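The values are calculated or read from the model by the stated rules, or taken from the named source; none is laboratory data. Values in this document were obtained by computation on a predicted structure and should not be read as measured data. Cβ atoms come from the backbone with ideal geometry, glycine included; neighbour counts cover every protein chain shown. All accessible areas refer to the heavy atoms of the entire protein, side chains included, with ligands and DNA or RNA removed. Shrake-Rupley method; radii C 1.70, N 1.55, O 1.52, S 1.80 Å.
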Amino acid sequence: MKKLPFEIKPQQQAVIFIGIQASGKSTFYREMLACHGYAHVNLDTLRTRGQEQKALQECYASGRSFVVDNTNPARADRARYILEAQAHGYEVIGIFFQSKVKECIARNLQRQRQVPQHAIACTQNKLQMPERAEGFDKLFFARITDDGFEITDWKE
């Protein structure tokens, strides 16, 4: 397992993923953070914003660290998680996943549960690059490599 460029904290750490569908977000969670006990907050599995909010509230009540594994393409999408996590005293980490539409479409075709191809392009069109000023304590860039993932510090 590769070493992450930030300290793993089983308590009070919110990791916000940013990237289009099939850019590696869920795989990154499974390979890098699930084994450390981070809760997986994902609209695909939770289905509704109400269920998502319930999962987040359970994390806040117990102090458990979590990962928001959604596309979060716009600043407004990320703000809902960042502001609430900050209000609960959480460290907020952002990870932006490099996304080339053509490669994501190819990976999507290999999935059991595919998203419509037009949805990938649509999300790419909404994508706003993250900035530390949004409230991230730390921000990183991740990309898929032949060996798994390469994670580097964000450069603004």
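Starting from residues that are of a type outside the set (D, E, K, R), outside any strand (DSSP E or B) and open to solvent by 60 Å² or more (accessible area, probe 1.4 Å), keep the ones in region 6-28 and report whichever is modelled with the highest pLDDT. Ranking the qualifying residues of region 6-28, first place goes to 12.
I need the full set of residues from region 29-40 which are open to solvent by 20 Å² or more (accessible area, probe 1.4 Å) and outside any helix (DSSP H, G or I), in order please. Before the answer, list the steps.
Taking region 29-40 as the starting set, the residues that turn out to be open to solvent by 20 Å² or more (accessible area, probe 1.4 Å) are 29-31, 34-37, 40.
Selection gives 37, 40.
What about residue 109, is it of a type in the set (A, V, I, L, M), touching a helix residue (DSSP H, G or I) at 6+ places or on another chain (Cβ under 9 Å) and surrounded by fewer than 14 Cβ atoms within 10 Å (Cβ to Cβ)? Yes, satisfied.
Matching residues to (1) closer than 17 Å to residue 22 by Cα; (2) surrounded by fewer than 17 Cβ atoms within 10 Å (Cβ to Cβ); (3) modelled with pLDDT of 90 or more; (4) not acidic (Asp, Glu):
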{"position": "42", "(1), (2), (3), (4)": "yes, no, yes, yes"}
{"position": "51", "(1), (2), (3), (4)": "no, yes, yes, yes"}
{"position": "58", "(1), (2), (3), (4)": "no, yes, yes, no"}
{"position": "80", "(1), (2), (3), (4)": "no, yes, yes, yes"}
{"position": "104", "(1), (2), (3), (4)": "yes, no, no, yes"}
{"position": "116", "(1), (2), (3), (4)": "yes, yes, no, yes"}
{"position": "146", "(1), (2), (3), (4)": "yes, yes, no, no"}
{"position": "154", "(1), (2), (3), (4)": "no, yes, yes, yes"}
